[in-house]
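Down below is the structure, laid out as structure tokens.
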Amino acid sequence: MAVRRIGVRHVDMNEVAGYQVEWVSESGSTNADLLAAARRGPDTNRVLVADYQSAGRGRRGRTWDAAPESSLLFSVLTRPEIPVAVAHLVTTALALGALEACDSLAGVRPGLKWPNDLVVEDRKLAGVLAESVVAGDRLEAVVVGMGLNVRTGAAPSEVADTAVALEDLCGSAVDRRELLASVLTRFAYWMNQIEAAAGQAELVDSARQESATLGRRVSVELSDGSVLEGLAEDLDGQGALILEGGVRVVEGDVVHLRSD
Ligand code: BTN
């Protein structure tokens, strides 16, 4: 890969699986940078990777911190032709793509904690944050970002005791560039699928098979602060979580409860 140096900030450009990849040493937040690009112009299929983020964003307004070069921190700007109602399937596409990449590259197959965390024995390996640009009822763009803990000490401070890193799981060094290429290749496959109903069904079916949540008792904190508790029974065709009694959850923070 060619490296161009611009002052102290190195920028590395490449194309992977149809995505234009820009790798920088530092960003405030790769999600924020690509959201700004999405609002500015027609860019699409862009990936921004940062060795370090000074203002990394997590879900529900949380921060996402990771030591420099310890994680794979990246976002993808994409413009899928899908209704706003299923825009969240883009996050599932990225989570599944990363799950498959961890398996093929490191021999580690994490589970999918609903909605889109990658976990191993209930410890978080990666988190996904999607942010959309919507005009009227049209989905203009989705920026989906992932923080994947690669090296020990990568864990964001707020989840340090419940997180795990890929190298600790596989016991050997993992090249972040190879990992990214593998994630993007699988993500491209799933993005292609989600523009058709049959492909959406295939994605949700895979999410069911890889789920670490289904069959567990969970508590779910909804966006209004209320909490539901029950057995996680299924995902519906749109990827929503179905709790026992048919309670449908579209958005929320899940805790897997102990079964004993
Ligand atoms: C979560 O809360 O679990 C989601 C975390 C998502 C973090 C990633 S790191 C790369 C991208 N840029 C950000 O600012 N956030 C996402």
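The values are calculated or read from the model by the stated rules, or taken from the named source; none is laboratory data. Computed from a predicted model, the values in this text were never measured in an experiment. Counting neighbours? That spans all protein chains shown, and the Cβs are built from the backbone with ideal geometry, glycine included. Accessible surface areas use protein heavy atoms only, side chains included; no ligands, DNA or RNA. Shrake-Rupley method; radii C 1.70, N 1.55, O 1.52, S 1.80 Å.
So which of Asp253, Asp224 is open to solvent by 80 Å² or more (accessible area, probe 1.4 Å), of a type outside the set (A, V, I, L, M) and modelled with pLDDT under 95?
Asp224
Being among the acidic types (Asp, Glu) and touching a residue at least 24 places away in the same chain (Cβ under 8 Å) is the filter here; which residues of the range 237-255 pass it? Show your work before the answer.
Narrowing the range 237-255 to residues among the acidic types (Asp, Glu): 244, 251, 253.
Answer for the range 237-255, where residues must be among the acidic types (Asp, Glu) and touching a residue at least 24 places away in the same chain (Cβ under 8 Å): Glu251, Asp253.
Filtering the range 95-123 down to residues that are within 13 Å of the ligand (Cβ to nearest atom) and under 20 Å from Asn31 (Cα atoms), which residue is surrounded by the fewest Cβ atoms within 10 Å (Cβ to Cβ)?
Asp117
Name the residue, out of Ser75, Ser70, that is under 16 Å from the mean Cα position of the chain (by Cα), surrounded by 17 or more Cβ atoms within 10 Å (Cβ to Cβ) and of a type in the set (S, T, N, Q). Outline the logic, then answer.
Values: Ser70 fails: under 16 Å from the mean Cα position of the chain (by Cα).
Of the residues listed, the single one that is under 16 Å from the mean Cα position of the chain (by Cα), surrounded by 17 or more Cβ atoms within 10 Å (Cβ to Cβ) and of a type in the set (S, T, N, Q) is Ser75.
Every residue in the range 79-94 that is buried (at least 24 other Cβ atoms within 10 Å of the Cβ) and either farther than 20 Å from Asp117 by Cα or within 13 Å of the ligand (Cβ to nearest atom) (or both), please.
Across the range 79-94, the qualifying residue is only Leu94.
Is it the case, given these coordinates, that Arg216 is within 14 Å of the ligand (Cβ to nearest atom), out of contact with any helix residue (DSSP H, G or I) (no Cβ under 9 Å at 6 or more places or on another chain) and at pLDDT 95 or above? Even if it seems obvious, please write down each step before you answer.
Working: within 14 Å of the ligand (Cβ to nearest atom): no; out of contact with any helix residue (DSSP H, G or I) (no Cβ under 9 Å at 6 or more places or on another chain): yes; at pLDDT 95 or above: yes.
Criteria not met by Arg216.
From the list Val144, Val133, exactly one residue is open to solvent by less than 30 Å² (accessible area, probe 1.4 Å), assigned to a strand (DSSP E or B), of a type outside the set (Ser, Thr, Tyr) and within 10 Å of the ligand (Cβ to nearest atom). Which is it?
The conditions single out Val144.
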